[in-house]
Amino acid sequence: MITTTNRLTRATWAISRLHARRTLTARVDMISNVLFGLLIAYALAFLWQALYSSNVVNSEVTVEQMITYAVLGSVATTVLQTNTVFWADWRIRSGDVIFDVLRPINWQLTLFGDYFGTVLAQFVAVGIPIVLLSALFLDFLAPASVLAGLLFIPSLFLGVVISFSIVFLILLLAFRFTQVGGIESAMRGFRPILTGALVPLWFFPDWLETSFCALPFPDIAFTPLAIYVGEIEGSDIWFAVLRQLGWVVALSALGAWLAHRGMRKLSVQGG
């Protein structure tokens, strides 16, 4: 069992490295993504500065915390956008997915390797430059505490896994509706709001914040960002990370079950 798990882990990591290298070769895309992320970061930072200076915002959260949150939120918005759904959707419609399924490594893990490798490459090539360039000219803060700094990266990783799990569930709709590119395109517009990457949930009405927190979306970006700036602290950090882990297990299991059912009902057009 341990040997099989190690093999799957190594295979998934090899796929991630392959897609990371492929993503890094697209230099024009990387540069445009950095510029796009910087535009969002600076626009949000100046917006929050204006709102705080005019006393429109009355919050215990400082303007420096909000600027830091805005920068990290712009990074999350930028690096989590991948073409995994569009690529896999095309393979389902063409019938080539059957070759993916017959590979020794699980199809779900293969797609996760694709997604994680792309996100990792974009984080290194896009996310880090955005943070560094923002830290030079904006009031960007360090983690709120040692514990926040230590758990930010694990929380961020769990957020990436949750994001992939939702992407995978969207992709599985292709087994029934054949094409899901439109659904993913719509989700790209709603995802920054649902995840709390652009506007923190503490600014939402209580009933809406409670409703959002009952869904997995905030655990993609809001939870790690709130941990970093110190709005989730103490024992609540551990509870938040455990909640993320719970969503990872639940969504991954649901995706595996639906994928198994979908393969039995696969209907291919043009294949």
Residues whose placed amide H lies under 5 Å from that of ILE220, excluding near-sequence neighbours: none
Pair VAL124, MET187: separation of 7 Å Cα→Cβ label points (nm): 2.6
In order over the range 226-243: 3J(HN,Hα) from phi, Karplus 6.51/-1.76/1.60, θ = phi - 60°, whole Hz, x for each Gly or Pro, gives 5, 5, 4, 7, x, 7, 10, 9, x, 5, 5, 5, 5, 4, 5, 5, 5, 5
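Please arrange LEU169, LEU198 by how many other C-beta atoms lie within 10 Å of their C-beta, fewest to most.
Working: LEU169 14, LEU198 17.
Lowest count first: LEU169, LEU198.
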Would you pull out the residues with amide H under 5 Å of ILE232's amide H, same chain only if 5 or more places away, H placed 1.01 Å from N? ILE227
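Which of THR110, THR84 comes first, and how do the rest follow, when ranked by fewest Cβ neighbours within 10 Å? Present the calculation step by step, with values, prior to reporting the outcome.
Details: THR110 17, THR84 22.
Ordered by Cβ neighbours within 10 Å, fewest first: THR110, THR84.
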Taking 0.36 nm per residue of separation and subtracting the Cα-Cα distance, what length does fully extending LEU47 through LEU136 add? 30.2 nm
Please label the shape of the range 86-213 as rounded, prolate or oblate, based on the square roots a ≥ b ≥ c of the eigenvalues of the alpha-carbon gyration tensor (a/c under 1.5 means rounded; beyond that, a/b larger than b/c means prolate, else oblate). prolate
A correct fewest-to-most ranking of MET66, MET187 by other Cβ atoms within 10 Å would be MET187, MET66
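Read the figures in this text as sums done on the coordinates, not as results from a lab. What you see is a predicted model; the values in this text were computed from it and never measured. Ideal geometry is used to build each Cβ from the backbone, glycine not excepted, and the neighbour counts take in all protein chains shown.
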